[in-house]
1. For A:G742, all conditions in the list (1) of a type outside the set (D, E, K, R); (2) crowded, with 23+ Cβ neighbours inside 10 Å; (3) modelled with pLDDT under 95 hold save one; what is the number of the exception?
2. Restricting the search to the stretch A:807-827, which residues are assigned to a strand (DSSP E or B) and touching an Asp or Glu at 6+ places or on another chain (Cβ under 9 Å)?
3. Which condition number in (1) within 14 Å of another protein chain (Cβ to nearest Cβ); (2) assigned to a loop (DSSP other than H, G, I, E, B) is the one that B:P154 fails?
4. Got a number for residues in the stretch B:129-154 being within 20 Å of the chain's Cα centre (by Cα) and exposed (fewer than 13 other Cβ atoms within 10 Å of the Cβ)?
5. Any residue at all in the stretch A:226-249 that's buried (at least 16 other Cβ atoms within 10 Å of the Cβ) and within 24 Å of A:Y266 (Cβ to Cβ)?
6. Residues in the stretch B:257-270: is at least one more than 10 Å from every other protein chain (Cβ to nearest Cβ), assigned to a loop (DSSP other than H, G, I, E, B), over 21 Å from the mean Cα position of the chain (by Cα) and surrounded by 13 or more Cβ atoms within 10 Å (Cβ to Cβ)?
7. Among the residues of the stretch A:496-514, count how many are touching a Phe, Trp or Tyr at 6+ places or on another chain (Cβ under 6 Å) and under 13 Å from A:C456 (Cα atoms).
8. Find the strands (runs of 3 or more DSSP E) located wholly in the stretch A:535-650 whose residues include 3 or more that are at pLDDT 95 or above, and list them.
Amino acid sequence: MASNRVLVVGSGVSGWAAALNLASSGVHVSLIEQAPFLGGTLAQIERQFPTNRCLMCTMLPVTERVEAGEFCLRRDFYHPLIDVHLQTTLKKVEGEAGKFTVSLETAPRYVNEEACTACGKCEEVCPVETPDPFNGNLSTRKAIYTRVPSGIPHAYCIDADACTRCGRCVDACPTQAVDLNQTPESWELEVASVVVAAGFDLFDATQLMQYGWGRYPDVLTSLQLERLLSETGPTGGVWTRQATGDAVKKLAFIQCVGSRDLNHPYCSSACCMIALKEAMFVKEKNPDIETTLYYMDLRDFGKGYHRYREKAAEMGVRFVASRVPDVKYNPRTRALMIRYIGEDGDVTEEAVDQVILSVGQSPSDRSGTLAGLLGLERDEGGYLMPTGLNTTATKREGVYLCGSVREPKDIPDAICEGEAAAAQALRWAEGPVVEAEKAPAPNVALEPPKVGVFLCQCGGEVSGRLDLSVLAKELQEREDVAFVDEVEYLCLKNTGPQLVKRVKESGVNRVVFAACAPYRYERLFRDIMKEAGLPENFMDIPCIREQVAWVHEADREAAGRKAGAMVRAAVGRLTGEIAKSHATYPVTGKMLVIGGGVAGLTASQALASQGVAVDLVEIGETLGGNFKDTHYLLGGSDPQSLLDELIQAVQSSEHIRVLTQSRVVSREGSLGRFVVDIQTPEETLKEVYGGIIIATGAKEREVAEYGYGQHPGVVTMREFGERLSDPSMPAPEHVVMIQCVGSREGDHPYCSRFCCSRALAHAMEVKQRWPESQVTVLFRDIMTYGNRERAYTEAREMGIHFFRYTLESKPVVETGGDRCTIRFTDPVLKGSVSLTPDFIVLSNGAEPDDTGGVGEIFGLETTPDGFFGEAEVKFRPVDAPEGGIWLCGLALGPKNVNEVMVQAEAAAARALTVLRKQSFQLPHVKAWVSPRRCSACEMCVPACPYSARAKDEDLGYVVVREALCQGCGVCTTVCPNNAVKLISYQENQIFSMIDRMALG
Amino acid sequence: MASHKWIKFPAENRDAVVKELLKSLLEKGVVSGVVAPSTLPSGASAAQSLITDPAMIDQLNPFAPVMAVSTAKILSQMTRIKPMTKKVAVLLRPCELRATIELTKLKQANLENLLLISMDCAGAFSVKTYASLVQEGEDPMGLEAKLFGGEEDPLLRPVCQGCEWSVPENCDIVIAKHGLGADQYGCIALTDQGDEALGVVGNGEAWEGGEEARNTAVQKWNEAKIAKRDAQFAELKEKVSGIDNLLKIYAMCINCHNCMTVCPICFCKECFFNSAVFEFESDRFMDWSGAKGGLRLPTDTLLFHIGRMNHMSTSCVACGMCQDACPNEVPVAQIFKMVGYNTQKRFDYVAGRSLDEPVLLTQFREDELHEIGGE
C-alpha cells in the first residue's frame, strides 16, 4: 500500500506552499529544513513589492484555517498534518514512487524545543558574541540564540560553530532544556513522493572583489539594506553611513551582481524589483536622498511591476542603463567612487555615500548533493533540472522540483510551482486522511458556567513580575470561577496530564489558560480540552507574559491590574460562550473549468488525473486558445505537438466533458456548491460544482503603430511566426523586430512578458535556417529572466543585433517605398541608423479579454490594467478573492506558456484542497444573521473581505455563505442594527468582557 | 448641463407654476402620482400627500417652509419593498433629496420611476415655530423672500441657518431662485427626464445666460452659509468638548428616542438601543453603581447618542429633523451635523452627494488616519 505522507525538502515559500497545499488536501507532510528556523529567506524580508506589505500570512488555508493556526507566518506555524523537522537534511532516497524510504539526519539543536519556554535566561549568560547572519552580519548575537522577527520568541538553539561549550546556559536554564551532549540523529521515513524546494543561496559578494564588499563598510548587499531599513533590524530602522554614522545623501544600487555574467548565465528575476522597493523606501524616509539604479535591463515583467517602477520614477529614483565595472574608495573625501559605462560606451565616475549590491540568487549549495542522491541533473548554472520547462516533474518518478532550486524566481512563481508540485506529489499518496471518529464533546453551553483558571508562573518570568496570588485570590471569590491554580509551567509536556486531571475532577466546563504566546500554545491547550472531554473552543488564552509581565516590568501594580483585567475578561467571555464545535461542510465533487486554452486544458487534465469530474467550457469552436498561433518556443520544443497532446489527453479523458461554443450565463451559490447555468448550442444546462477555475485568457493587442496595416512588410510577431512556420518561406534579407509595441507605456503600463522570449525564438529560428539573414532587435529592456537569459546570450553569439531604444526616441518607420525604412538611434555610434528590412515585426503584447463576461458573473475584481485580480498578488497567486474560485493563465496577466501550465496546475492543486476530501470542517467562530433584525442595507456585503455574504433575494435579507466566513467580525462592526452576530463574540460576551475589565 | 431646459417666470406665480407643472404631468399621464406637501386642516402645518387625482393638486402647499416628516423617510416606506411601477413626481427639499440618495445607497429606497423635483431652499421653520407664526397671522411664505434677499432670520431652524447644501444637485428638476431677480423664479432640468417633464409647462420664457448668473449667486449664498456654519461649529465645539460637557449638553435628554424615530438615515428595523441587549438583571445595576458609588439611570442615555452617532453620522445629511423632534431642545442636530461634517470630510465624502460614492463603512482604504494610527 502506498504511503499517505509526502516529504517536502525546504521550508522557504515554495516548500511552504507545497506543504500547506498537501496538508489541506488531506496528506501527511514531513517538512524538513536545514536551518534551525523556518521560512527561508523570506523571514528576513519585512515588506514585499508591489504591495509594500508583508501579507505572507495570507498563504494560510482559508478552509479549516483554525487547524493551521492563525498568526504571523514569520513567527511560527503549525498544521496538524505537517510535521516540521528543523536542522534536518535528506541523506538517501530509496524505493519508488508511492513507496519511497527516505533517510534523514537531524543535526543537534542542543536545546530541547518542547522544554524551551524562550525565557531568554540562557542568552543573558552566554559569553559569546558572534555576527548575526539574520541581520546580514551587521549585528551580533549570542551563541545560544533565537530568531526574533517582530519580537515574538521561538525556541532557542545553539550555534555549534560559535559555542565554546562553557555550559553557563545549561545552569541558567530553568527547564533543563539545554543539552550540550545532543548528537546528530539519523532516521527513516516512508513517503509516497518527494517535493524538493531547497531554494537558493544568496550570491556571495566577496566573489566579486571589484565592488569592495567586505572591504568598504558602505558597500552593502540588498539584503543588508533590507535589514537596516527594517524596524526589527540591527539598528531598529535607523539607517546611516556605516563608516561615519552620517546620513546617506547619495545612494547607488548596482544590479546584476552575481547574475547575468559568464559564471552566472541566468537572471535572478527578482533583484530589479527588490532594488526598486528599497529605493522607494529610502525615498519615503527622505525624498532628498539621491537614489540611482545602475542596471542592464530593468526587468519589471511581473503583474503590476511596471506601474511600481513608474511610481519609483515619480518619486525621483534615477535609472541609468549601464554596467559598473568597479567601486573604489576615496579616502580623502571618504566617498565611494562608482565608474559606469553607459549605453553610449562612455565612462563616467560618480561619488556616492553608499553602494547597494543587488546580489542575485545562486544555486543552493545543497543542490549538488541533492542532484547526487536523487539522481537528477543540473543545468550549466547549477540548478536542478526538471524534465521540461512546463513541469515540476523530474526524471525520477515521484520526485518534484519547485521554487528557486530549479531556476531563480520571484515569490508568486515559486508559490505556483510549489502548489503545482503538490498536485503532482498528491497523485502517489494514499488518502485523504480521515480523522478518527471521536465522541462528540458534551454540549456544555447549556450548563451553568463553571470556569477553571490556570495561571502560568512561567518559572518566575510572570510570577516574579506581578503578584499572581492576589489575582488568584480575587478570582476565587467569583461565583462562576470553580478553581484558580498557579502552575509553574503550563506549556511543559509533563504538565499536560495534570491539567487534564484537574479539569476533569473539578467538573468545570470552561477553562482559562493565562499563559503566553497563544499562537504557539493554542494547539496544546485545545488538546488538553479535548482530552478532558470538553469542547475545544470553551477556553481562552490571555497572554500574561509578553503582553503583561514583559512590557510592564517596571510597574508591578499596573502589571497585576492588567493581568487581572485580561483574565477576568476571558472568564466573562467564556461564561457567555454557546458555540458548538465544528460542523462539517459538504463539497460537490465536480469542477467547472472556464476557458479551453492551454490554461484551462492543463487545469482540467490535472484535476482529471486525480479522478475529479470536470466540465470544460469553451466559448469558441475549438480548444487551444491563443497557443494555436504559437509555432516556436525557446528551448526548441514544438508547441503544436505539445498542444495536440494536451487536447488529445483532455478529449480522451473519461472524467472531462468538453462543452465548446458554450458559455456560463449565471451563477448562484458558493464554495462547495455553485449552481451554474451553462448555455450550450443545444440547451441551457444547470450544473452543480464544488469549485470553479477561470482560465479565460487574453487577446492580442491591436496595433496601429509603426505603419502596421499600411505595408505588407510590417507584421505582428504572431503573423511573423505563421510565415516562419511555412516551410516554403523565402529567405529574408533582414528582419527588424520592435519590442514593447504599445507595452509598458500609455494605457498598457505593463509588460506582456512573453514577447521577448517569442522574439528570441523567432530570431534564432531565422538565424538557424538562413545564417546569412540579418536580424535586428530593437528593445527597451530585454525580459529574459531566469534561465531565459541563456537564450539571450546565445542569440547575441549567433550574430543577432540588439539596440536599445527609449520612449523619447522611438524607432520611426516609413512605409512609402517598395520596402519599409526604419530609422533609430544607435547609442554607441550616437547617430541615426537607417535600415530597409524585408520585415518589420512588432511585438504587440496582450490585453485583457473577457468576452464571456465571467468577470461580472463571478464578481471578480480587475486590476487597473484590466486583468483579473487574485486574492493576494504575491502569496495567493491563483486564488480569486472569493473562496472556491481559482484563476490561471493569461486572464490573470500575460505570461509565458510554461508559466501558464504551472499556474494551471497550481489552480488545480488549490481546488483539490477542497475537492479531494469532499467536505471540510467549518470554524466555530463565524457570523450569522438575525433575519428579524436585518434591514438588508447590504453594507456588510462589500465590507466582507471574503465574499462570504450575499443578499438572498427570495428571503429578503442577507445570508452568510458559511463555507467562506472566516469569523473576522468586520460585518458586525458595519451592521448598525446588530443583525449580525459573531459566534463566540456575541454582544452579551463583549459587554461582559467590558464590565469585568472596567469593574474589577 | 446647459443642454437641458432653463425656464423663468414671474415670482408671484411660483406656486401656480409648480401646481400647473404637477397637474399637467398627471393629466398628460407623464406621471401617475405626485408626492408633495399639502396644508393640514388646522393650517398650522403641512404634510406630504400622494396625489393621483389632478383635481386635488390645488390643495398643495408646495413650498411651505416646514418639515414635519422627512420625504426621504416617506420614499423609503413607499419603495423599499418594491420599487414604483408607475412614475411618481416628488417635490422635496435638498436635504430630503440627499437623505433619499443616502437611503438608496443603503438599499432602503429605490429611485426607479421617481421624478425628483427639488428647490433652492431658503430653510425651514421648526414645526412649533411654523405653527405659531401661522397662528399669529404671519405668512411664513413671506419670510422666504426676505431670506433670499439676504436677511438672516433667527427663527429659522439652526441647521438651516448654517446649511451649505441648500442648492439641490441630484434631481431631475430644480425650482430655482438663485441668479434671478426678486420678481422671478426658474425651472431647471438637470436630466433628460427633467427636460421631458418641463415640456408640459406652457408659460415661462427661456432663461438665457442663466447659468453664469446662477453660479455667482449660489457661490455668494453658500459663502454666507458656510461662514454661518463655521461660527455655529466654533460656538458648539466649546460646549460639547469632553465627556463632562457632553453630559451637560445631553442632561435634558429624557431617552425618548424621538430623534432616532424621525431620522431619515436611521433605517434599522429595530434600534439596537431598543433591543434586549440593554436589558440586564438587577445585580448588574448594583455592580455598576457599586463601582462608582452612584449610577445615572437609565444607563444608556448618553451611550444611545454616541452609539447612534457612530452608526449614522457618516451618512448624516444635517436635515435637522432630530432637533425638531426633541421635546427638550437638546441641540442634537447641530451636534450630529458637526460630527458628521468632520467625519465625512476626513474621508472626502458628502452624504447624499452622489450615488456613485459608496457609503463609507463599506470602504477600506489602506492609507488613512496616519495621524491616529501611525504608519
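1. Every listed condition holds for A:G742 apart from (2).
2. Within the stretch A:807-827, A:V813, A:T821, A:I822, A:R823 meet the criteria.
3. So B:P154 meets the others, but not (1).
4. As a first pass, look at the stretch B:129-154 and keep what is within 20 Å of the chain's Cα centre (by Cα): B:129-131, B:140-141, B:143-144, B:147-148, B:152-154.
Checking which are exposed (fewer than 13 other Cβ atoms within 10 Å of the Cβ) leaves us with B:152, B:154.
Here the count works out to 2.
5. yes
6. Going through the stretch B:257-270, the residues more than 10 Å from every other protein chain (Cβ to nearest Cβ) turn out to be B:257-264.
Retained after the next criterion (residues that are assigned to a loop (DSSP other than H, G, I, E, B)): B:257, B:263-264.
From what's left, over 21 Å from the mean Cα position of the chain (by Cα): none.
No, the conditions are met nowhere in the stretch B:257-270.
7. Of the residues in the stretch A:496-514, the ones touching a Phe, Trp or Tyr at 6+ places or on another chain (Cβ under 6 Å) are A:506, A:510, A:513.
Adding the requirement that they be under 13 Å from A:C456 (Cα atoms) leaves A:513.
Counting residues in the stretch A:496-514 that are touching a Phe, Trp or Tyr at 6+ places or on another chain (Cβ under 6 Å) and under 13 Å from A:C456 (Cα atoms) gives 1.
8. Working: elements: A:584-586, A:590-594, A:613-617.
Per the criteria, A:590-594, A:613-617.
The values are calculated or read from the model by the stated rules, or taken from the named source; none is laboratory data. What you see is a predicted model; the values in this text were computed from it and never measured. For neighbour counting, all protein chains shown are included, and Cβ atoms are generated from backbone atoms with ideal geometry for every residue, glycine included.
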